[in-house]
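Each remark here refers to the structure printed beneath this line.
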Amino acid sequence: MDRGLYVAMTGAKQIMQAQAVNNQNISNVNTTGFRADTVSFASLPVYGPGYATRVNAIAADSGTNFASGVLASTSRSLDIAVNGNGYIAVQGAGGKEAYTRAGDLQIDANGALTTATGLPVMSETGPIVIPPSAQVTIGGDGTVSVVPLGLSPAAQSQIDQIKLVNPPTKDLQKGEDGLLRLKSGGTAKTDSTVTVASGMLESSNVNAAQSLVNMIELQRLYEFQIKSINSTDQNEQSAERLMLTS
């Protein structure tokens, strides 16, 4: 009977982990450019000495949903959305290059072009810095142009170009910070075919309705596992009583 207890116990534990992933997706339903995580269940034998009498339930991380979100107009010059496939290169918290679809950019007090979370936006040569300007625009190829303070729009000049990449999704993995990185630990090459739309932002690709349905289904599965544990425990106690009275 302890086999039933073991399977139900591991199942309940893994369902809790899957619920945590699903709740994380729900909490980021309004996060610009967010990519949803996915989970799949599997059963694996418990390896070790003796007979294979136990099965371990596993909620495996089956990767990231790379489907595009919905593009919405903001009319803000520093907002950009990647058209189709591709990513914006940024400098992660550890100093290494990472990739995102979140294009709600800003200029910090030091003139650095950053994401809304403060991560520097990268060019081929390093973080992009904006000089004091009356106007900043971003072209379809990621070109950053400015109109210097005190000059007319005719004086607009190009100062740098955002690094846009498009590595195969199979080579990417998402970190706990929500950024994408190459599994190899290297950096992706610039892809000149990737373009951006200025004055637009891409929404999260989390399907809120489906995520809520998943939450209910996972809760019901968890309750089923708990009932299985209770039923197995009651059957074991009944068997013990029968053995004592026989």
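The values are calculated or read from the model by the stated rules, or taken from the named source; none is laboratory data. Because the structure is a prediction, the values reported are computed rather than measured. Because the Cβ atoms are built from the backbone with ideal geometry, glycine has one as well, and the counts that use them run over all protein chains shown. Surface accessibility is based on the protein's heavy atoms, side chains included, excluding ligands, DNA and RNA. Shrake-Rupley method; radii C 1.70, N 1.55, O 1.52, S 1.80 Å.
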Within region 123-132, is there a residue that is at pLDDT below 95, surrounded by fewer than 14 Cβ atoms within 10 Å (Cβ to Cβ), more than 16 Å from M200 (Cβ to Cβ) and in contact with a Gly (Cβ under 7 Å, 6 or more places away or on another chain)? yes
Could you grab me the full set of residues in region 81-106 that are more than 17 Å from the chain's Cα centre (by Cα) and closer than 19 Å to T169 by Cβ? N83, G84
Taking the stated definitions as given, is Q19 modelled with pLDDT under 95, part of a helix (DSSP H, G or I) and open to solvent by less than 50 Å² (accessible area, probe 1.4 Å)? yes
Within region 151-189, can you find the residues that are among the small types (G, A, S), part of a loop (DSSP other than H, G, I, E, B) and open to solvent by 60 Å² or more (accessible area, probe 1.4 Å)? S152, S184
Can you pull out every residue in region 205-222 that is over 25 Å from R101 (Cβ atoms) and in contact with a helix residue (DSSP H, G or I) (Cβ under 9 Å, 6 or more places away or on another chain)? L218, Q219, L221, Y222
Name the pairs whose Cβ atoms lie under 6 Å apart, with the first residue in region 23-38 and without any contact (Cβ under 8 Å) to a residue 60 or more places away in the chain, the second open to solvent by 40 Å² or more (accessible area, probe 1.4 Å) and among the polar types (S, T, N, Q), and 6 or more positions between them or separate chains? T38/S62; T38/N65
Among the residues in region 204-227, are any touching a Gly at 6+ places or on another chain (Cβ under 8 Å) and not in a helix (DSSP H, G or I)? yes
Mind checking whether some residue in region 53-62 is in a loop (DSSP other than H, G, I, E, B), at pLDDT below 95 and loosely packed, with under 14 Cβ neighbours inside 10 Å? yes
Quick check, is G140 free of Cβ contacts under 8 Å to residues at least 12 places away in the same chain, of a type in the set (G, A, S), open to solvent by less than 70 Å² (accessible area, probe 1.4 Å) and not in a strand (DSSP E or B)? no
Restricting region 97-113 to residues that are farther than 19 Å from R35 by Cβ and touching a residue at least 12 places away in the same chain (Cβ under 8 Å), which is surrounded by the fewest Cβ atoms within 10 Å (Cβ to Cβ)? N110
Pair list, Cβ < 7 Å and 6+ apart or interchain, from region 217-234 residues that are at pLDDT 80 or above to residues that are exposed (fewer than 14 other Cβ atoms within 10 Å of the Cβ): Y222/M16
